[in-house]
Structures are given as C-alpha cells and as structure tokens.
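The values are calculated or read from the model by the stated rules, or taken from the named source; none is laboratory data. Everything quoted here is computed from the prediction, not taken from an experiment. So basically every Cβ, Gly included, is an ideal-geometry build from the backbone, and we count neighbours across all protein chains shown.
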Amino acid sequence: MVKLDLASNDHQGYMRLALTLATSSPLLPTNFRVGALLLDPSTNTVLSTGYTLELPGNTHAEQCCLAKLAAAHNLPEERVAEVLPPETVLYTTVEPCAERLSGNLPCVERILRTRRAEGEQGQRLGIKRVYVGVKEPQTFVGENKGRTRLEAEGVEVVLVEGLEEEILKVAKAGHE
Ligand code: HJL
Ligand code: ZN
C-alpha cells in the first residue's frame, strides 16, 4: 500500500502513474503495454499496481493488479473482492479487454467477478468504477466491447482525457 501526494480526484495524476507503470512492460508485437492500479479514494491509497506481463505467464495489467493484491492477502485472485475497500476504483491506461486472442479469461470478467461477491452484511462488494485512458485499438480483436459490457453490468466507466497520445505510443511500442 502506498499513500501518495495526489488528491483523490486527480484522475490525470493517477492515469499518469498507470502510464509510468506501463513503460515497465516488455516490448512485444503480440499485445499492448498497459499499466493499471487499484485506488482506495477514501484514503488516497494505491492498493496495488500492475503492468502487462508483470506476473509470470500471459498476464494483463488489470489482472496483475488484482492477482497481486489477492496474493498479498494469501487469497486466490477469484477471492480478491473480500479484501477490496468498498470505494475501490481501477485506473487502466487501456480499456479492459472483453476478449483475448489467447482465450484466457478477459479482464472485464475478472472485474465483474469482484462484483458478484457479498460482504458479511450481504452488501455488494467489488469494483464499481473504472477510469480508462484510451479505448482499445482495433489491432487484435477489432472493436473491444469492454466498456459496453462493464456498463451493462453497472460498473461506471470514465474516460480520463489528455494522455491518449502518450498512452498509445507506450501501448504500441514493439509492434513494428
Ligand atoms: C489491456 C493489457 C493488455 C491488453 N489490454 N486492457 N490490458 N495486454 O494488459 C488487449 C489485447 C490482447 C490480445 C492478445 N491487450 O493478451 O486485445 O494473448 O492482448 O490474451 O487479444 O490476447 P492475450
Ligand atoms: Zn485484459
């Protein structure tokens, strides 16, 4: 957990931090370089960070965020909702994926899975809002339905403007 000197409404500041994370991702033609973080805005605490291929295997940035936080609490990723503070939001430089060429579980499903958990008082847990830097480019799966699918399930998706060019440059580096 890291408490930063950013206001909880400094969305561009958190997106910039996610972009910095993305630059740690290896350069490969087979996916984008994405950075992501989980924030508890009630305390301004970054709960977890991730970038594409940070964890072993074919791992996405959002997936790494969730899996690392779960592991820090000795839980499998499927149970991460149990340790998410109620207001937790996700920042990701690229819209979460709804489909992966590899057939691995898309990040949208991982996010929605956190919403299916129930707290001890029967309250709904999980990620209720996702801040996104850019829509996924059409390179791999054409039109990504990530945003639509999240919104259909009641997760708010907010586009953070102003870093699109830099995000895409980092995301696509290694594609040629
Ligand atoms: C997001 C990531 C990442 C992608 N998108 N939001 N975060 N790599 O960390 C989306 C792209 C998939 C391809 C290939 N990339 O990654 O559509 O091999 O990377 O499962 O569809 O699929 P795999
Ligand atoms: Zn993904």
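Miscellaneous remarks
- Checking E151, E165 one by one, the residue that is more than 14 Å from ligand 1 (Cβ to nearest atom), loosely packed, with under 14 Cβ neighbours inside 10 Å and over 16 Å from the mean Cα position of the chain (by Cα) is E165 and no other.
- Selection count where residues are over 11 Å from V34 (Cα atoms) and within 16 Å of ligand 2 (Cβ to nearest atom), scope segment 79-96: 2
- For segment 83-100, the tally of residues that are farther than 25 Å from E161 by Cβ and either more than 9 Å from ligand 1 (Cβ to nearest atom) or modelled with pLDDT under 95 (or both) stands at 4.
- Only one of the listed residues (A117, A98, A71, A67) is touching a residue at least 24 places away in the same chain (Cβ under 8 Å) and either farther than 16 Å from E151 by Cα or of a type in the set (S, T, Y) (or both). That residue is A117.
- Being within 11 Å of ligand 1 (Cβ to nearest atom), closer than 24 Å to T23 by Cα and more than 11 Å from the chain's Cα centre (by Cα) holds for only one residue in L69, L105, and it is L105.
- Exactly one residue out of L4, L37, L21, L17 is in contact with a Phe, Trp or Tyr (Cβ under 9 Å, 6 or more places away or on another chain) and at pLDDT below 95: that is L4.
- Filtering L39, L28, L47 for residues that are touching an Asp or Glu at 6+ places or on another chain (Cβ under 8 Å) and either closer than 18 Å to V89 by Cβ or within 16 Å of ligand 2 (Cβ to nearest atom) (or both) leaves a single hit, L47.
- In segment 15-25, the residues that are of a type outside the set (V, I, T), outside any loop (DSSP other than H, G, I, E, B) and within 16 Å of A173 (Cβ to Cβ): A18, L19, L21, A22
- Every residue from segment 102-114 that is closer than 21 Å to V83 by Cβ and either surrounded by 18 or more Cβ atoms within 10 Å (Cβ to Cβ) or touching a residue at least 60 places away in the same chain (Cβ under 8 Å) (or both): C107, V108, R110, I111, L112, R113, T114
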